[in-house]
Amino acid sequence: MIRSDKNSAAPILELRDVRMNFGGVAALKGILHDVPEGIIQAVIGPNGAGKTTLFHCVSGLLRPTSGSILFQGKEISGFVPHRVAQLGISRTFQHVALFKSMSVLENVMLGRHPRTRSGFWATGFRLPGMRREERRIKESAGSCLDFVGLDDVSHLQAGTLPLGKQKMLEIARALATEPQLLLLDEPAGGLNMRETEVLGELIQRICKDGTTVVLVEHDMNLVMDISDQILVLHYGEYLAAGSPREIKDNPAVIEAYLGES
Amino acid sequence: MKKADRLIFIALICFIAIFPWVVQNISAISHYVELMVFAGIFGLVCLGLSLLMGYAGQISLAQAAFFGIGAYSSGILTAHFGWNPWLAMPVGALLAAAVAWMVGIPALRLKGHYLAMATLGFGVIVHIVFNEEVDWTGGPSGMVDIPGLSIAGWKISSELQWYYLVWGAVLLVLLFSFHILHSRVGRALRAIHEEEVAAEAMGVPTSRYKVQIFIFGAVTAAVAGSFYTHYVTFLSPSSFNLMWSIRFVLMVMVGGMQSLWGALLGAVLLTFVGNEWLQVFADFEVVVYGGILLIVALFLPQGLISLFRREPAAPPNPISHASDEG
Amino acid sequence: MDGTWLGTDLLQYTASGLTVGAIYALVAIGYNIIYNVTEIINFAQGEFVMLGGLFAVFFLETLRFPILAAFFAAIISVGAVGFAMERFVIQRARNASVLSLIIITIAVSILLKGSAMLGWGKDPYSLPAFTSGSPILVGGAAIQLQALWVLAVGAVVVISLSFFFHRSLYGKAMLACADNPSAARMVGIRVRQMVLLSFILSTAIGAAAGVAITPISLMEYDRGALLGLKGFGAAVLGGLGNFYGALAAGLLLGLAESFCAGYLSSGYKDAVALILLLLVLFFKPEGLFGSAEAAKLKRF
């Protein structure tokens, strides 16, 4: 059952036979899946299943070898990452790609980039329009930090934060771009149980706010707890998709994981 | 601007104002004013290079070429065609910008050693052109009789007047650069340096920014070149060779790459070192230069400014992570 | 037949092009050796060619060595300089950023150039050809004997290297380091040793090239930069890390430069190699013989 009561006829993300080959290695072998709008979609699978590769294809880091990716009905495969971000897709990274020497607030302010406009010359000459925009950037960034609960550390250097807070910061930065679709790459990686709980609660709040969330995750408790739909990949292939309960009892999925742990 | 920077800026204005008066009365160092004119001219080049190298994290070994493009444009337009120097200067800057745009777009797709070599190669090609196009540039024997500058009919003739003119320009460019740094653009540049992939994923058009800042560096270098031309009134290609591009990089490195103050500090220091204090070394000058560069690169890669910093500067450009397989 | 037909010029330019191309190929190979083991580009590569020639002059003129002994003495001396560079500079720069590494090798090149200026002054020096004799006439073109020596040195280097890398344990170990230093370390290969070896080998090869070319085109203290740049052009053109590519690209570059100097303009001949370098970097950075996939996987 889809949690959100959006009556979306069109899915927000459509994967049509997406294939990704690296030289001789086929990382993705024809993924076919629709992500309905307004839900929390988990993507799981044993290591090497192609989950992060899929994220790279959607966010524009990789150009799929073949197939298409549709966002809100429009073809985006092969678009450069910054264009994808402008269209409304944002993401976090497995290895927390924060700008460590910048402050917490500055990291999030950077996230406002696609929604702001001041150019090189306007900035250099410090025109009034630019100054107003800079103030608004600071405010929006501040509210993103509030939303994830990091407002008390906004002036610290990002690199000095503990991992749990760094993960939250990365999410805040991604939220600052005002995405309709948020891709989270193993957000619970390295977090303890309490931090994972807080994370799960945050993801649910993000979804309730109207953003569709797709997350790659290994923490099965978190996945089962908050996901509306789960997509299972195995060796780059589609294995199964459905609600958490369906996936939990799916024999093919169980077998794939048994072989793993 | 941050508060500390604002204070230093005011201190710098005071220093610039007072410096000549202090120095001119001591005959042993009265020529320091002239050295400061050169330091200011090189400082303009270094400010642009600092934004490119220190903040955006891209290397350029071609600044001397852009310096030369500005210098020769001004020289040729004024000496051969009788143009007003103040009109020739923007033409030189525009030409440098156009060349930077054409070269920058393909070159800045490269990284690391490839980018360094590309800019190096481009710089040497421009130098060869300066040497070969004798009809325009006078070739290795140089170009003479270049007119000086005047403002509203008032000729800028004395060292002191040049000094104030050049450092006035430096202060303006410095202000402009600070505005860039503490802004959306500056954050984008720093983000590109630290985590280019993440910056791109957050909507920053990284290629476009890299080219833009490359063009900015070329423009400041060209403007500096125009000042140089009218100050020295003589041009020779040997002032725009690879060694000079390396010198500019050295100035920014020694001063401190992640700091506009560092760029100026490096420019001033190395101008004095090169023209004054290394003279003692005579033939050893090149070796000593190489030695300084090596020691700084090995032991003080963040430059002298890092000695004054309280908080650590950004870590050096991390080796990019291998793509994660999910 | 007194050889004034158009073909003479062509042959002449081809001969000189192949000769200078062999030098570029050797410099390119030097880059490749260090690059393959360390992924570092040694901007000082050209200086070792210069030092090779000048050291040979020293051994020959000052110490009165016979020419062959001077050749080998020069190579050994320059190899020692390469050793020093690796031990005292590169070792310390293990954790430096890419930018710092670039500056560091540039600094070494400036140091070497400055030292050469101190040791030998600014004048160009010459060496006698390895064997004396008048040039050989081929279809009206005069080919100096030394040019054949240059090609011979090049051939010997290339053949020995391919044996070394593909047949000897040390050579294969060096290639393994390039591929995966941690794995190499785990199977007992001393990576540091391999890095040192790569520097010594690469600088010695550069020196050999320098000694070979000096009888033809003289040698002076500031020749290194341009040689290094053109050699890098050949390395990239042939696909960074690819030995046979370096060989082919070096010869190609030499020919292109020679034809330009002969048929177009001799003043711009240096620009030919550089323009080719830029074109390759801009449009096909993996070079003519490298693979695009491999190029993307490179650290930078």
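Would you confirm whether any residue within segment C:20-30 is more than 24 Å from C:ASN180 (Cβ to Cβ), surrounded by fewer than 24 Cβ atoms within 10 Å (Cβ to Cβ) and either at pLDDT 85 or above or touching a His at 6+ places or on another chain (Cβ under 7 Å) (or both)?
Scanning segment C:20-30 turns up no residue that is more than 24 Å from C:ASN180 (Cβ to Cβ), surrounded by fewer than 24 Cβ atoms within 10 Å (Cβ to Cβ) and either at pLDDT 85 or above or touching a His at 6+ places or on another chain (Cβ under 7 Å) (or both).
Residue-wise test of (1) within 12 Å of chain B (Cβ to nearest Cβ); (2) buried (at least 20 other Cβ atoms within 10 Å of the Cβ); (3) touching a residue at least 12 places away in the same chain (Cβ under 8 Å); (4) more than 25 Å from A:LEU87 (Cβ to Cβ).
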{"position": "A:GLU178", "(1), (2), (3), (4)": "yes, no, yes, no"}
{"position": "A:MET220", "(1), (2), (3), (4)": "no, no, yes, yes"}
{"position": "A:GLY236", "(1), (2), (3), (4)": "yes, yes, yes, yes"}
{"position": "A:LEU239", "(1), (2), (3), (4)": "no, no, yes, yes"}
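Being in contact (Cβ under 8 Å) with a residue 12 or more places away in the chain and facing chain C (nearest Cβ under 9 Å) is the filter here, so list the residues in segment B:126-138 that pass it.
The initial filter retains those residues of segment B:126-138 that are in contact (Cβ under 8 Å) with a residue 12 or more places away in the chain, namely B:126-127, B:130-131, B:136-138.
Once the filter is applied, which keeps residues that are in contact (Cβ under 8 Å) with a residue 12 or more places away in the chain and facing chain C (nearest Cβ under 9 Å), segment B:126-138 yields only B:ASN131.
List the helices (runs of 4 or more DSSP H) that sit entirely inside segment C:79-183 and contain at least 1 residues that are at pLDDT 85 or above, surrounded by 20 or more Cβ atoms within 10 Å (Cβ to Cβ) and among the small types (Gly, Ala, Ser).
Values: elements: C:98-120, C:145-167, C:169-179.
Hits in segment C:79-183: C:98-120, C:145-167.
Only one of (1) surrounded by fewer than 18 Cβ atoms within 10 Å (Cβ to Cβ); (2) touching a Gly at 6+ places or on another chain (Cβ under 8 Å) fails for B:HIS193. Which number is that?
(1)
Checking A:GLY200 against (1) surrounded by 16 or more Cβ atoms within 10 Å (Cβ to Cβ); (2) among the small types (Gly, Ala, Ser); (3) more than 22 Å from A:ILE247 (Cα to Cα), which test does it fail?
Unmet for A:GLY200, out of (1) surrounded by 16 or more Cβ atoms within 10 Å (Cβ to Cβ); (2) among the small types (Gly, Ala, Ser); (3) more than 22 Å from A:ILE247 (Cα to Cα): (3).
Sort out which residues of segment A:212-261 are among the polar types (S, T, N, Q) and under 22 Å from A:GLY189 (Cα atoms), and write them in order of number. I'd like the intermediate steps shown before the answer.
Initially, segment A:212-261 is screened for residues among the polar types (S, T, N, Q), giving A:212, A:221, A:227, A:229, A:243, A:250, A:261.
Result: A:THR212, A:ASN221, A:SER227, A:GLN229, A:SER261.
So that you can scan it fast, the table gives a plain yes or no per residue for (1) on the phi > 0 side of the Ramachandran plot; (2) in contact (Cβ under 8 Å) with a residue 12 or more places away in the chain; (3) within 12 Å of chain C (Cβ to nearest Cβ); (4) of a type outside the set (Val, Ile, Thr):
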residue: B:LEU61; (1), (2), (3), (4): no, yes, yes, yes
residue: B:MET89; (1), (2), (3), (4): no, yes, no, yes
residue: B:VAL99; (1), (2), (3), (4): no, yes, no, no
residue: B:ILE105; (1), (2), (3), (4): no, yes, yes, no
residue: B:LYS111; (1), (2), (3), (4): no, no, yes, yes
residue: B:GLY121; (1), (2), (3), (4): no, no, yes, yes
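Within segment C:269-291, which residues are among the basic types (Lys, Arg) and out of contact with any Cys (no Cβ under 7 Å at 6 or more places or on another chain)? Spell out the reasoning first.
If we filter segment C:269-291 for residues that are among the basic types (Lys, Arg), which is where we start, we get C:269, C:284.
Once the filter is applied, which keeps residues that are among the basic types (Lys, Arg) and out of contact with any Cys (no Cβ under 7 Å at 6 or more places or on another chain), segment C:269-291 yields only C:LYS284.
Only one residue in A:ILE230, A:ILE206 is crowded, with 20+ Cβ neighbours inside 10 Å, without any contact (Cβ under 8 Å) to a residue 60 or more places away in the chain and under 17 Å from A:PRO36 (Cβ atoms), so which one is that? Lay out the reasoning, then the answer.
Values: A:ILE230 fails: without any contact (Cβ under 8 Å) to a residue 60 or more places away in the chain.
Matching residue, one of A:ILE230, A:ILE206: A:ILE206.
Just a yes or no: is a residue in segment B:55-72 over 14 Å from the mean Cα position of the chain (by Cα), more than 24 Å from B:GLY262 (Cα to Cα) and crowded, with 24+ Cβ neighbours inside 10 Å?
Scanning segment B:55-72 turns up at least one residue that is over 14 Å from the mean Cα position of the chain (by Cα), more than 24 Å from B:GLY262 (Cα to Cα) and crowded, with 24+ Cβ neighbours inside 10 Å.
Considering only segment B:60-106, state which residues are assigned to a helix (DSSP H, G or I), farther than 26 Å from B:LYS210 by Cβ and of a type in the set (Gly, Ala, Ser).
B:SER74, B:GLY75, B:ALA79, B:ALA88
In segment C:19-66, how many residues are over 19 Å from C:VAL108 (Cα atoms) and outside any loop (DSSP other than H, G, I, E, B)? I'd like the intermediate steps shown before the answer.
The initial filter retains those residues of segment C:19-66 that are over 19 Å from C:VAL108 (Cα atoms), namely C:19-26, C:29, C:36-37, C:56-66.
With the extra rule that they be outside any loop (DSSP other than H, G, I, E, B), the set shrinks to C:19-26, C:29, C:36-37, C:56-62.
Counting residues in segment C:19-66 that are over 19 Å from C:VAL108 (Cα atoms) and outside any loop (DSSP other than H, G, I, E, B) gives 18.
Name every residue in segment A:32-69 that is assigned to a strand (DSSP E or B) and within 13 Å of A:PHE22 (Cβ to Cβ), in order of residue number. First the steps, then the outcome.
From segment A:32-69, those assigned to a strand (DSSP E or B) are A:32-35, A:40-44, A:66-69; that's our starting set.
Correct list: empty.
Which of the residues that make up segment C:257-278 are part of a helix (DSSP H, G or I), within 12 Å of chain B (Cβ to nearest Cβ) and of a type in the set (Gly, Ala, Ser)?
Within segment C:257-278, C:ALA271, C:ALA273 qualify.
Looking at this structure, is B:MET257 touching a residue at least 60 places away in the same chain (Cβ under 8 Å) and part of a loop (DSSP other than H, G, I, E, B)? First the steps, then the outcome.
Working: touching a residue at least 60 places away in the same chain (Cβ under 8 Å): yes; part of a loop (DSSP other than H, G, I, E, B): yes.
Answer is yes for this residue.
When you scan segment A:148-162, do you find a residue that is at the interface with chain B (Cβ under 10 Å from one of its Cβ atoms) and in contact with a Phe, Trp or Tyr (Cβ under 9 Å, 6 or more places away or on another chain), even just one?
Yes: one or more hits.
Based on what the data block shows, is C:ALA208 surrounded by 20 or more Cβ atoms within 10 Å (Cβ to Cβ), closer than 29 Å to C:ALA116 by Cβ and away from chain B (no Cβ under 14 Å)? Steps first, answer last, please.
Values: surrounded by 20 or more Cβ atoms within 10 Å (Cβ to Cβ): yes; closer than 29 Å to C:ALA116 by Cβ: yes; away from chain B (no Cβ under 14 Å): yes.
The answer is yes for C:ALA208.
Applying the selection to segment A:13-28, what residues are surrounded by fewer than 17 Cβ atoms within 10 Å (Cβ to Cβ), within 14 Å of another protein chain (Cβ to nearest Cβ) and part of a strand (DSSP E or B)?
A:ASN21, A:PHE22, A:VAL25, A:ALA26
Tell me whether segment A:131-143 contains one or more residues that are within 10 Å of chain B (Cβ to nearest Cβ) and among the acidic types (Asp, Glu).
Of segment A:131-143, the ones within 10 Å of chain B (Cβ to nearest Cβ) are A:131, A:133-134, A:137.
If we keep only those that are among the acidic types (Asp, Glu) as well, we get A:133-134.
Yes, that holds for at least one residue.
Within segment B:139-155, count every residue that is without any contact (Cβ under 8 Å) to a residue 40 or more places away in the chain and in a loop (DSSP other than H, G, I, E, B).
Residues in segment B:139-155 being without any contact (Cβ under 8 Å) to a residue 40 or more places away in the chain and in a loop (DSSP other than H, G, I, E, B): 2 in total.
Exactly one condition in (1) closer than 16 Å to C:ILE33 by Cα; (2) assigned to a helix (DSSP H, G or I) is false for C:GLY241; which is it?
(2)
The values are calculated or read from the model by the stated rules, or taken from the named source; none is laboratory data. Given the structure is predicted, the values throughout are model-derived calculations rather than measurements. Counting neighbours? That spans all protein chains shown, and the Cβs are built from the backbone with ideal geometry, glycine included.
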